[in-house]
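The values are calculated or read from the model by the stated rules, or taken from the named source; none is laboratory data. The shown structure was predicted, so the numbers you read here are calculated from the model rather than taken from an experiment. So basically every Cβ, Gly included, is an ideal-geometry build from the backbone, and we count neighbours across all protein chains shown. Ligands, DNA and RNA are excluded from the accessible area calculation, which covers all protein heavy atoms including side chains. Shrake-Rupley method; radii C 1.70, N 1.55, O 1.52, S 1.80 Å.
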Amino acid sequence: IDRMEGFLFPTTYEFDKNKSAVYAVDTMLTMFKSQISQQMLADIKASPYTLREIITMASLIEKEAANDEERAVIASVIYNRLAAGMPLAVDASILYVHQDYTGGVNLPEEYLTEDSPYNTRLYTGLPPTPICNPGMASINAALKPSQTSYYYYALDAETGTHRFFTNYNDFAAFTATQSYDDET
């Protein structure tokens, strides 16, 4: 799948209204290329992942993280799950298919069981494409995840940040205590 999503660098741009859409897209792609350093490219080459896979991971991190401090820890969960052959279970991925969804944290059951390559609850590995255009903080987190034993995380409704868990039982016990309203 050949898409530009993930590679249109998110920053503030000013364009002359007489410039074409192609010019705008080219400018965003050029900005992306200028942000990816030679060291980052070397790190990617030394990793088991391609640039597209790193950007796909970064896009998941971008959509999931509540703040910059969480990004590398969320990245560690992604890496740990990939290494274990577990489904990533990143709900932001299936929401890429349902961009009009406004119902909050608790997704409809039909989304969670939908047969889509973006359903990371059903399919192992990364989704086929990035799900957004990640910023540099998420790209860096994807390149340099924290070293943790975490395999699960959940939003803490009280703090608006994520809690991390090494096992499913602790994760399930925590999520059972959470009450997410439709605004979360």
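Out of the helices (runs of 4 or more DSSP H) lying entirely within the range 1-86, which hold 3 or more residues that are surrounded by fewer than 19 Cβ atoms within 10 Å (Cβ to Cβ) and free of Cβ contacts under 8 Å to residues at least 12 places away in the same chain?
By residue number, 21-35, 38-46.
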Selection from the range 87-101 of residues that are open to solvent by less than 40 Å² (accessible area, probe 1.4 Å) and small (Gly, Ala, Ser): 92, 93
Of all residues in the range 134-184, which are at pLDDT below 95 and buried (at least 20 other Cβ atoms within 10 Å of the Cβ)? none
Has the range 105-113 got at least one residue that is assigned to a loop (DSSP other than H, G, I, E, B), touching a residue at least 40 places away in the same chain (Cβ under 8 Å) and open to solvent by 40 Å² or more (accessible area, probe 1.4 Å)? yes
Just one of (1) under 23 Å from residue 123 (Cα atoms); (2) over 16 Å from the mean Cα position of the chain (by Cα); (3) outside any helix (DSSP H, G or I) trips up residue 102, so point out which. (1)
